[in-house]
Each structure stands twice: as structure tokens, then as C-alpha cells.
Amino acid sequence: MDKKEKNQSLRLTAAIFIGLVLGIAFGLVMPGRFEWMLPAVNLVSTLYMNALRMMIYPLVFCSLIVGIKGIGSVSATGRIGGQSILYFTATTLFASLLGLFLPKALGLGEGVVIEMSDKVVETTKFTSILDTVANLIPANPFTAFSTGNMLQVLVFAIIVGVTCLSLGEKADPFVRVVESLSDISVKIVSVVMMFTPIGVFSSISAVVYANGTSTIAALATVMAAIYITYALYTLIVYGGIVRIIGKTGIKDFFLAVMPAALNAFGTCSSSATLPISKRCADELGVPNEISSMALPLGATVNMDAVSILMSFMIVFFANACGIDISFGMLAIVILANTLLSIGTPGVPGGAIASFAALAAIAGLPVGIMGVYISVNTLADMGATCCNVLGDLACSVAMKETVKLDKA
């Protein structure tokens, strides 16, 4: 990345941060005086999110096919996919252990009285790991695109990419069309990114308005503990991976990925942040062959921060309800947490389904779901930001661990 591009990236990062801060402030003062502006804020937020989502699947599908064709061999493609899965599984397991050890050691939730809600809460549909594996191959690829099933889109793109690789020159005309579509997608994303500060402002304003200061203050202690853990995990684990394995300066990494991190924080969607993450990976020098596979996989599979969040909340609510969770039960929750992350959607509210499943495993009362829902968005903003940074850290690390043979 040359000096001009670096300055443009820094200006965009600063603009997104300003939009984030102003959005939080506006969301706090909106009730009453500026409430009439809420429809306009929601409209802008919806337009921005739709513009990003519009390009997620074309960009992922095309860049993955081009990336596989560029790798040049099926074995190298397998190495990239295998290393990505190994990385995400290992870090998620570690995050689960950390999330269960810290809140239990701190006694988080002890002495807290919780007013439970009896109302039925609708959660995002959760897919078990067996169902996820059974449905990996899409019976209808067009349905996978229309319903936004990222895993099926990934599998279909890998199948097409590997087939193009085996056909060699016969597939070149199709690959050139896909390359053009990929370039078009990247150009559209570049234009959408110019409006990211406005989009983040609108998204975060609506979030703060919906939750309000009373909700934020009600669980301030557990929120503070979770966010401190997010920050330490990001700096120590991801920073260490980037520096030691990826041979990249920690400061350079975080400066480059800040646009994706701030967008993820404001939108609560790792999937919607994919186009921006891809651009950040390009600026860090990650080959398209790696980022086009690792980033979409990460948006679907990498749920490190969600694991921390789930673990904190399970222990917090168990202590608050006077339920003793044994070490055997903790081990079961850790394993289930790691497996559930594969079926957790990378969209706002996706963590609710995981928490419902884990709460049932831990034997927590159904009424806690109403309390959890009230703080889910606040906790999920930081979790999404952390997960996106993990996806990018994996890509940077694999830049060094996966050697691509270039003709």
C-alpha cells in the first residue's frame, strides 16, 4: 500500500470513528427531542446494510473461484481450507476456556438479583452441527444465494473452483467472466465504503436508541468485564498471531483493519463486513487466494468472541440464579460452545440461538432469556468486532504459513 492509499485509509478510518461517536451521542439524545428522526435514521441504516449485503455473495463466490484457480492445485486449496478450519476451531476452543475460567474466578453474578421475563422470545434459527454437515452441499445453488446460506455458497464456489482447476484451459472463458464480475463487485464495494461513516452513524444511533442508558447501566459490570476480555483477547491472542506467525507489525495490522472493525461494531454483522474485510486484507498484502477463502469461512465459523460472550453469560446467570455449575458441566458447555459456533449465523442476533441452547444445557431457567435479549445487541457489537479481527489475523498468519507456488 503506497503513501497515498495509506492516507486515504487513515482518513476513512477517522471518518468512521467520528460517525460511530456521533451516532452513540445522537442515539442517547434522540428520545423525546429528536425522536421524529428515527424513521429517517432507520431508512439510512437499512439502505447501507442492504448495499453491503447486495455484494457479499457475488464477491465471495467470484473471488473464491478466482482464488482457487490462481492457487494452481487442488492440494494447495485443501491446505488453505484445512488451516483456516484448524485455526478457527483452536481459537474458539481457547476462547471458550477463557470465558468460562475468568467469570467463575471473579465470581461474576454473585449477589445479583435478576428480574426475569416470562414472555416468549423468538430467536434466530439455529442449525445443529449434524444438520449443518448434512446440508453443506446445496440442492439448489440459487436457493443458497437467495436465502443467504453462506456455508452452501462457499461449498458451491469451492466445487466450481476446483472443477475449473481440473479443466485447465477449457474453463478459462468462464473464469475470465468471473474475474470481471469480481472486479465489478470490488468497485461497487469501494463506492459503498465512501458512505460507511454515514451508515455506521445511522446503525449505532438506532442501537443506542433502542437500548437506552438504563439498559446499559443495568448490567454495566458484566458488560465492562466482557469488553475488557474482548480487548485483551484481541491484543494478546490476535496480536501475537499477527506478530509471531504473520510477521506483521501489530500497529500496522490494527491501523489497516480499523475500517472493518468499526463497521463490524456498528452493524453487528461479520457477514455484512466481509467486503470491507476483503479490502483490508488486500491492503495488508494477503493474497486473494487466501483471503477469498479464509474470510468467508471465518465469517461463518469463527465465533471466538461469541464463545467468550456465551461463557460469561452462562456463568453470570448461573451465579445470579444460585445454580452451581460443576467442572464436568463446564467441560460440556465448552465443547458445546465450540461446536455451536459452526451453526451460529454471522448476522445481528445470531448469538441468541447459541445462548438459548447453552442455557438449556446448563439447566438455567427459561426466564433469563428476556434479560439476555435486553443486552444481546450491546454485547454482540464488541463480539462481532473481535470476530472480524480474528478472521483478518488468520488471513495474515496464513500469508506466511501457506506457500503458494506462482508460475
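Considering only the other residues whose Cβ falls under 9 Å of the Cβ of residue 246, what net charge follows from Lys and Arg at +1 and Asp and Glu at -1? With Lys, Arg at +1 and Asp, Glu at -1, the neighbours total +2. Among 188, 228, the sequence by solvent-accessible area, most first, with a 1.4 Å probe is 228, 188.
Each label point was placed 7 Å from the Cα along the Cα-to-Cβ direction; for residue 247 and residue 47 their separation is 4.6 nm.
For the cross-link pairs 170/403; 251/403; 251/399, the C-alpha atoms of every pair lie within 28 Å.
In this simple spin-label approximation, residue 101 and residue 18 carry label points 7 Å from Cα along the Cα→Cβ vector, and these lie 4.3 nm apart. Each label point was placed 7 Å from the Cα along the Cα-to-Cβ direction; for residue 400 and residue 329 their separation is 4.2 nm. A simple count of charges around residue 275, restricted to other residues whose Cβ falls under 12 Å of its Cβ and scoring Lys, Arg +1 and Asp, Glu -1, yields +3.
Taking 0.36 nm per residue of sequence separation and removing the Cα-Cα distance, the residue 33/residue 89 pair yields an extension gain of 15.4 nm. Computed with the Debye formula from one identical point scatterer per Cα of the stretch 263-310, without solvent, the log10 of I(q)/I(0) at q = 0.24, 0.28, 0.32 Å⁻¹ comes to -0.91, -1.08, -1.18. Between residue 361 and residue 195, the FRET efficiency from the beta-carbon distance, with R0 = 51 Å, is close to 0.75.
The values are calculated or read from the model by the stated rules, or taken from the named source; none is laboratory data. Note that this is a predicted model, so its numbers are computed, not measured. Using ideal geometry, Cβ is built from the backbone for each residue, glycine included, and neighbour counts are taken over all protein chains shown. Note: areas computed on protein heavy atoms with side chains; ligands, DNA, RNA excluded. Shrake-Rupley method; radii C 1.70, N 1.55, O 1.52, S 1.80 Å.
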